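Read the structure below first, then the notes.
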Amino acid sequence: MALAAPYRRALIWILVPVVIIAAACVGGWVYFVQDFDSPGAQSEPVTLIVLPGSSAWEIAEALYTAGVIADPNVFAVGVWRSGAGSALKAGEFQFPPHVTPRQAMNIVRAGKALQYRLTIPEGLTSAEIVRLLESAEALDGVVAEIPPEGALLPETYQYRRGDSRTDMIDRMQAGMHSLIAELWPNRAENLPFETPEQALVLASIVEKETALAAERRQVAGVFVNRLRKGMHLQSDPTVIFAVTGGTAPLERPLSKADLALDSPFNTYRHKGLPPRPIAHPGRDSLAAVLNPEPTDALYFVADGSGGHVFADTLAAHNKNVARWRKLQKERAK
């Protein structure tokens, strides 16, 4: 039965607002869905720190303020629709150019915080490594005590903002322990030292004597020969350590007074190995002293090209030294 005209008009007045509201809701929903996958306007990567305990709305506001997203509501609603609200993580994140709100959500959800890198070069002393740690970006805390020489593994380390300097030192110490445990069982026979600690001392000397990887086993072979014969090692880097204590480089040539210094690290005065390492050797130097190159050489001196020339006898070595000093004088002119 047809409705009377007054009832039809009343029904229209009721349905029209409902239809309008429904259309608005559908349009708004479509807006949120489309914009959640729409690229942002930022043209450069943006780094943002998400604090622990931040809600989806707080993260949305932070992303909006940083220019990563155009509308915080789109991000927050998208997170709600995805059920990811409780999965968002704290950390320092980098958002690429033109990232969508969905991609931004996934970056925070994955928790892949920005990684920093710190390279510890071979041959540094403990004091020098601590200075690198103190100047490293984004690390927290202070180093309360300088670690022993030779205890840290030179390597490139990755870390995140807020990691502590103490934890970094722990990682470096664990790395050196692991390296020694790996290499020591495969050492050559009849080496003139008995413990991994002594190998570490000799490796630190080899590390400071040459920067050429191709020479390390040969340099190690010379020192092994001298130890076997009971000769002084006569290593300049050990004297430098005796003078400076490893706190800083020696910004001058060694003097006669330096060579006469009565220190257990002065291998011109004391036979055998120094009591402790003089620096932190890398893998190649430690491997070199554990498997030195078989050689008859007992001497080496710089050749002027970044490497060394080796000799079996003192007479041949003296000729090499004279050649090196002549080259130094020519360069000085």
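The values are calculated or read from the model by the stated rules, or taken from the named source; none is laboratory data. Remember, predicted model here, so these are calculated numbers, not experimental data. Neighbour counts are summed over all protein chains in view; Cβ atoms, including those assigned to glycine, are modelled from backbone coordinates with ideal geometry.
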Show the residue pairs that are 6+ apart or on different chains and have beta-carbon atoms under 7 Å apart, the first residue being within the range 190-203 and closer than 20 Å to Q218 by Cβ, the second being surrounded by fewer than 18 Cβ atoms within 10 Å (Cβ to Cβ) and of a type in the set (K, R). P192/R228; V201/R276
Within the range 279-297, can one find any residue that is touching a Ser or Thr at 6+ places or on another chain (Cβ under 8 Å), within 27 Å of Q328 (Cβ to Cβ) and touching a residue at least 40 places away in the same chain (Cβ under 8 Å)? yes
Residue that is touching a His at 6+ places or on another chain (Cβ under 8 Å) and part of a helix (DSSP H, G or I), where the choices are I107, I169, I180, I129: I129
Would you say P97 is more than 30 Å from A242 (Cβ to Cβ), out of contact with any strand residue (DSSP E or B) (no Cβ under 6 Å at 6 or more places or on another chain) and in a loop (DSSP other than H, G, I, E, B)? yes
Name the one entry in A174, A188 that is aliphatic (A, V, I, L, M), over 20 Å from L152 (Cα atoms) and modelled with pLDDT of 95 or more. A188
Suppose the filter is surrounded by 15 or more Cβ atoms within 10 Å (Cβ to Cβ) and either in a helix (DSSP H, G or I) or in contact with a helix residue (DSSP H, G or I) (Cβ under 6 Å, 6 or more places away or on another chain) (or both); does L191 pass it? no
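Residues are listed down the side, and each one gets a yes or a no for (1) under 34 Å from the mean Cα position of the chain (by Cα); (2) farther than 16 Å from S204 by Cβ; (3) at pLDDT 95 or above; (4) not hydrophobic (A, V, I, L, M, F, W, C):
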site	(1), (2), (3), (4)
F241	yes, no, yes, no
F265	yes, no, yes, no
Y268	no, yes, yes, yes
K271	no, yes, yes, yes
P275	yes, no, yes, yes
I278	yes, no, yes, no
Could you tell me how many of the residues in the range 85-125 are among the aliphatic types (A, V, I, L, M) and surrounded by fewer than 16 Cβ atoms within 10 Å (Cβ to Cβ)? 3
Against the condition modelled with pLDDT of 95 or more, in contact with a Leu (Cβ under 7 Å, 6 or more places away or on another chain) and in the same structural domain as G306 (by TED's automatic domain parsing), how does A203 come out, does it pass? yes
Would you confirm, using the coordinates I've provided, whether A211 is modelled with pLDDT under 95 and not β-branched (V, I, T)? yes
Do the conditions hold for M168, that is, is it within 30 Å of R226 (Cβ to Cβ), under 15 Å from the mean Cα position of the chain (by Cα) and not charged (D, E, K, R)? no
So is S235 of a type in the set (S, T, Y), under 17 Å from P121 (Cβ atoms), at pLDDT 95 or above and buried (at least 19 other Cβ atoms within 10 Å of the Cβ) or not? no
Tell me, which residue of the range 303-316 that is surrounded by 16 or more Cβ atoms within 10 Å (Cβ to Cβ) and aliphatic (A, V, I, L, M) is farthest from the chain's Cα centre (by Cα)? A311
In the range 131-180, residue farthest from P52 (Cα to Cα) [restricted to those that are free of Cβ contacts under 8 Å to residues at least 24 places away in the same chain and surrounded by 14 or more Cβ atoms within 10 Å (Cβ to Cβ)]: I146
Can you confirm whether R165 is closer than 30 Å to I240 by Cα and of a type in the set (D, E, K, R)? yes
Quick one: E209 ticks every box in (1) under 23 Å from the mean Cα position of the chain (by Cα); (2) under 30 Å from S305 (Cα atoms) bar one, so which box is it? (1)
